[in-house]
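To start, the structure under review is shown below, and the notes come after it.
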Amino acid sequence: MKKFNIRKVLDGLTASSSSAAHSGGSRESDAVQETLQSDHFQLCKTVRHGFPYQPSSMAFDPVQKILAVGTQNGALRLFGRAGVECYCQHESGAAIIQLQFLINEGALVSALADDSIHLWNLRQKIPAILHSLKFSRERITYVHLPFQSKWLYIGTERGNIHIVNVESFTLSGYVIMWNKAIELSTKTHPGPVVHISDHPMDEGKLLIGFECGVVVLWDLKCKKADYRYTYDEAIHSVAWHHEGKQFVCSHSDGSLTTWNVRAPAKAAQIITPHGKQPKDGKKPEPCKPILKVEYKTTRAGEPFMILSGGLSYDTVGRRACLTVMHGKSTTVLEMDYPIVDFLTLCETPYPNDFQEPYAVVVLLEKDLVLIDLGQIGYPIFENPYPLTIHESPVTCCEYFADCPAELIPALYSVGSRQKRQGYSKKEWPISGGNWGQGTQSYPEIIITGHADGTIKFWDASALMLQVLYKLKTAKVFERARGKEEKPSTDIVDEDPFAIQTLSWCPESRMLCVAGVSAHVIVYRFSKQEVTTEVVQLLEVRMQCDFSDVDSPDPGGEQTPTLPTPGAASSPQETELPTQPSTGSNSSDGHRDNIPCLQVRSSPLKQSPGYQVELVIQLVWVSGEPPQQITSLAINSSNGLVVFGNSNGLGVVDYLQKTLLLNMGTSELYSPSDPYQRQPCSPRKARQLSGGISESNEGSNTTEDRCKSPTSGSTSPCNSDDERKQKFIEKVKFKSRRFSKTVANDFAKMSRKISQTSEQKPDLEEGFQRWCSLTYKKSINCMNKGQPASRMSQKADVCRTKSAPDSHAKDNSFTRSRSSSVTSIERESREVISAFHFCESFPRKTDSLLSPCLLVGTTQGSVMMVALSLSPGGDSRLQQPVGISSCGTLVKLKGGILTMALLDSTGTLLPPSYEPWYDPNSSDEEKEKEKEKSRRRRPASPPSSQEGQDHQFAVLCSEKQAKVVALPSQTRIHKHNITESSFLLRADVVLMAGENCIACFCANGHIMTLSLPSLRPLLDVNYLPLTDMRIARTFCFSNLGQALYLVSPAEFQRITYSQDTCNNLQEMLSELFTPVETPEAPNRGFFKGLFGGGAQSLDREDLFGETASGKASRSLAQHIPGPGGMEGMKGAASGVVGDLARARIALDERGQKLGELDERTAAMMASADSFSKHAHDMMLKYKDKKWYQL
C-alpha cells in the first residue's frame, strides 16, 4: 500500500493573511490548549471495496482458495473469505490479459497488454512485484504455468513460444518457433498463439493452439511436432480430458470439436450446442463463437462440459449465457451482464486426476457469480463480498465513524429480512486468507444514495464492508408503466427518483433525503411493520419572478423584512389552503401547483426499518419547474427539516406537518445589513468570457442528457461559437428547463479543472458570468406556518418584484464555485449551500442560549436564524414555532461548505438530538420513552456575562476559514486556504481527542487545520481531481478516516491518521496461509508396471542454460521489482514490526549463510579442480628426463 511523503507544516506557522482581528478575541482563543500537532497526521491508502471496475481476467488457487481478478486499467484485486480483500496496481496501468497462480506458493504471475509479465509476492500483507520482464520485439497473447513447475510458457502474436524461469525471471534459450511447429507445406502464417497446455499424462508433450485452427502436440525433448490437428474454423480455447487421450476445441462458428490424440486426421466428434440441426444431414447453421470451453471429469458420473458463448445469431437481444453440458442434459444459464471469463473449481489441482468439479466462478462485466454444480438446478452461492455498490449508480455518499454502537445491530436485524431466497446451502467456496488483527474497534457506517432512489447502509468497521440495510425511496411514489405514461412534469429524463443529498442523525435515527425531482422525504426508524393508509404530503410553492425589474430606490423601502409568524408579508400574499389543491394545466401549456412526482394513493406497507414520516414536494409555478434542492438538514431535538435551493429556503416542522418558513435567500439579510445586495435589473445576454463554453447547459434536448446522474459522458460538443450563440438564443427565449442530470456538471467541472493555472482567474470570472446569464429571476417566497390538513397541504406565497436575488444553476452534485464577493457586478444568483442547527447566541446583545440555524450561501454569507420552540410534550405539537432572521454573521470568500460551533474550551458542540424511540411500539413503552428528557449536550454556561464570549463559530468556505467568537461576533482567526483553486469538501472532524478542519481541494491537496487557531497541520498533494465522481463522493469522518468513489463500482478508503498508518499492517487481512499440497494421485500397480501413468520431465535439463543456451538479450528486459527483501523491510511496521523485522533478519542471515555456503563450495570445487590438474601434470612429467621436457 503506497504511503505518501508528507509535507508537514511547522507548528505555529500560519498564512500571511491569517491574523487576529481583536486582541480580546485572541486572548480568549489563546486560552484554548491545542494538542494536535503535525506528527499526528500521515496520509495513506487503506483498502478498496467494491467490484473491480472493467474486469479483464481471472485466476484461482485451488489449494489456497484465493481468487484474483485483473482489470483493464492494470488493477489487481484478490479475494479470500468474507472480509479478506486486497488491491494492487501495476504502475503502467495497462490491461491485464491473463493471470496465473503459482499454486500454493504464495505468488502470482500477471501478463499485461504492454507485453510485460510480473511476479507478485502474496506472502506479505501488501503484495509487491518481485520481478518484471518486458518484451520488446513480440506481443504476448497467452501464458501457461504447469502445476508445480518453475518454467512459464509464453505465447506470442508471431506464433512463437518462449520459456521463462519464474524464480529468476530470466528467459531460456529454448524457443518453439512457429515455422517448426506447423507443417512445412503450409503457406500461411498460423496466427497468434491462443492456447498452451501440457499433456496431463506426459510433461514432455505440449499442446499448442494457433488462431487459424491448427493445434500442434509438441515433443519438448525431441523438439518436433508429434501430431498436427487442423480444422477450418478459428480456435478460441482448448481443454484436455484428464487421461490425456482426448481434447476439445471451441471455434468461432459456435462448434466444438473433440479430437483423439493419436488420430489427427479427423475430429472424433463435431457438435454445435446451440445450432439448429438440419434434417438433411448438412452442417448446422453457424452460431456465435464459443469463447471458452472447459472439460471436467468425475469419478461417479458423466463429465461436465462448460462453455460460454455459442448462441444462435437469431437470438437477438438475448442476454449472455453459460452452458453446462452434463451427460445428455444441457442447461443454459442466463447472466445479467456479458461474460468476461469463467473458471471451474475442482477438488484437485492435479490435471491427471479426476477433476470432480463443484462450482463455476463466472466473471461478468459488472458482477461475480458462483454457480453450485452439486445441486439440482445449479443455484448460485450468496456472495459475501460488497460487490453491489454499483447495482445502481452512486449519486451521493456520507461516512460516519465512531457512531452509536447499537446502530449496526439494529440495521442488520431489519436488513437480514430483505435477503433473497434460493441460494445454495453450501458455504462460499473461496475461503482463503485470514482476517487482520487490528485494534480499531469503533463502529463505522457508510450511507450511499443511488440513481434508482435506493439508499444503502454499509458496515465499514475494521476495514471491512458489508451491506446492512437497503431502503427504496421510490416506493412512496407512483411509477409510470410505460414511456407513454411518463408524466410531463418530470424535470429529468432518466432516474427521477435519484438521491441528491441526505441528512442523518445517528442518535435519533432520523433520516431525511432529497431527490432530483425536488422532493424531500423524512423517515423514522421502527422495528415494527406498519401499513400507512395515507402518506403525509406537504407541497411547497417556491416562486420566482421572471419579468425584468427596474433597479429599486437605494433607500431600501422595497426591501422586505421578515415578519413574525402569523403576520402577512404582503397584501399580495395568497391565503394558505387547508385542503389539497389541484394542479392546473392551462391551454398555453403552463403547469402550476403540480409536483414532479405523484405520491401513491394506495396504502403503503412498510417493513421494519425506515418508514415514511412525511413527503415534501416542490411544485411547478406558472409553467416553471421547481429548482433542485442543494442543501438539507434535519434536527430531531427541534423536530425541524430545512432545505434550500437557488430560490431560497424552506423550514418544515415534521412533527406538526407544517411549513414554517418559505422565503428567498435575500430576505434573510436584515434591512441594515452591510452585506445585503440590492436588486438590479438583469443585464442583456452577452458573450461569455474567461474561456467558458457552456452552451449546452441550458439545453433540454436528449443529447444533453444521460441515463444516470453518475454518468461521466456528455454529448458531442460543437464549436465554441456555435455553443455560445445557441446558449444566448435560449436565454433570450427564456428556455428555463435545465437538464437535471449530472453529466453536464461533470463536464463543466472537468473542463474547469483541466484549465491551466494561468487561465484560472479568467475561468472563475467566466464561470460566474455564465451563472448569471442562465436565468434572471427574483424571489419573494415567505409564508407563515399553518396547520396541515390530513391529506396534504399547499403552501402558497406572494409574488413581488422587490426581493433581491440572483440565480445559479446548481444541484447536489456540484456547487457554484464562485469566488467573487461583488455579487452585483457578477450577477450570480445566491444559492443556499449549507445548514447547521445549533444552540447559540443569535444576536450580539443576547446573553441566553437559544435554538438557532446557521445558513450558508454560495456567495459566502453566513446568516443566523433564531428559532423559538415551546417546551416538549403536547405543547410542542400544538404551539407554532417562531422563526426570525438575525442578519449576516460573517462573510467569506467562496461558497460556504461547513459550519460548526465550539465551546470556550475548544470542544465541539454537536447539534442537539432526541433519543431514539420506536414510534410503533406499545403505548406503555412509548410513554416511557417520551418521559425521557431530550438530551442536549451542555454547550456553554447558560448565560453570558457582558463582554465575554463563550462560543466559537467555525466557518469554512471554498477559499478560506474563519473563527468567530460569540455572542460578540468578532473574528478572532482567519486563514486563506487556497487562492488559485477551491475546496470541494470540508468537514470538522474529531482527531486524537481534538477537533480540526479536514479539507479536500480541487488541485488534489488534502489539508487539515487546527481549531480554533487554524494552524496548518497537514498539506499533501494526494489526488488531482480528474473526475467529478471523486468531487461528488469525497467525504471525511472522525478519527482520521475518509473515502471517495474511485470508479463507478469501487470505494477507496484512506486515512490521514499517523496511528492508523502505523497499525495498518496489523489491520490488513492476510492472503497466504500455510497449507499442505494434496497428495498426487496414485498411479496404481499396473500403470506403474507398464508405464501407463504420468510421465515426468526434468525441465531444468531441457530449458536450463547449459542445455539450451542463453536467450537473446534484445528480446526482453528484466526489471527487478520492489517486492524483494527491501520491500519486506518497508512493509514491516506497527506492533508486530519487531517480530517481522526479526523474521526478516533471520531470512537475511539465512540468505547470507546460504551465499557463503555456496561460495565455500565453489572454492572447494575450484581447489579440487586445481589439485586434479596438478596431479595430472605431475603424472605427465614424472618419468621424463630434464632434456625431454
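The values are calculated or read from the model by the stated rules, or taken from the named source; none is laboratory data. In this text, all values refer to a predicted model and were calculated from it rather than measured experimentally. Note that each Cβ is placed from the backbone with ideal geometry, even for glycine, and that neighbours are counted across all protein chains shown. Please note that ligands, DNA and RNA were not included when accessible areas were found on the heavy atoms of the full protein model with its side chains. Shrake-Rupley method; radii C 1.70, N 1.55, O 1.52, S 1.80 Å.
Assorted remarks:
- Measuring only protein heavy atoms, the 1.4 Å probe finds Y358 accessible over about 40 Å².
- Probe 1.4 Å, all protein chains present, accessible-area order of L130, L387, largest first: L130, L387
- log₁₀ of I(q)/I(0) at q = 0.19, 0.29, 0.32 Å⁻¹ - region 971-1015, Debye sum with one point per alpha carbon: -0.60, -1.10, -1.19
- L465 contributes an accessible area of around 10 Å² to the protein surface, as traced by a 1.4 Å probe with all chains present.
- Histogram of C-alpha separations across region 408-458, 10 Å bin width, %: 15, 30, 43, 11
- Around M1163: net Lys/Arg minus Asp/Glu count, Cβ-Cβ under 13 Å: -3
- Separation between Cα centres of region 589-643 and region 388-409, rounded to whole Å: 23
- Here region 1018-1065 is described by how far its Cα atoms reach on the three principal axes: 30, 24, 19 Å, from widest to narrowest.
- The separation of region 264-326 from region 43-77, counted between C-alpha centres, amounts to 30 Å.
- Which listed pairs, of K419/K605; K296/K328; K224/K266; K221/K266, have C-alpha distances above 23 Å, in listed order: K221/K266
- Protein-only accessible surface order, largest first, of D495, D452, D314 at 1.4 Å: D314, D452, D495
- Applying a DSSP loop filter and a limit of 11 other Cβ atoms within 10 Å to the trypsin sites (Lys or Arg not before Pro) in region 343-442 leaves K419, R420, K425.
- Order of exposure, largest accessible area first, which applies to R1032, R228, R137, R1149 with probe 1.4 Å: R1149, R137, R228, R1032
- Of the whole protein surface, K893 contributes about 90 Å² of accessible area at a 1.4 Å probe radius.
- Cut-off 15 Å between beta-carbons: net charge of the residues surrounding K266, Lys and Arg +1, Asp and Glu -1: +1
- Whole-angstrom gap from region 950-1026 to region 151-190, using each part's C-alpha centre: 60
- Using R0 = 45 Å, the C-beta based FRET efficiency linking I270 and E1105 works out to 0.50.
- Taking each of K150/K1110; K187/K283; K288/K425 in turn, the alpha-carbon distance tops 25 angstrom for K187/K283; K288/K425.
- Counted charge near C346, where neighbours are those whose Cβ lies closer than 11 Å (Asp, Glu -1; Lys, Arg +1): -3
- Size descriptor for region 328-381, Kirkwood hydrodynamic radius: 12.3 Å (Cα pairs only, one decimal).
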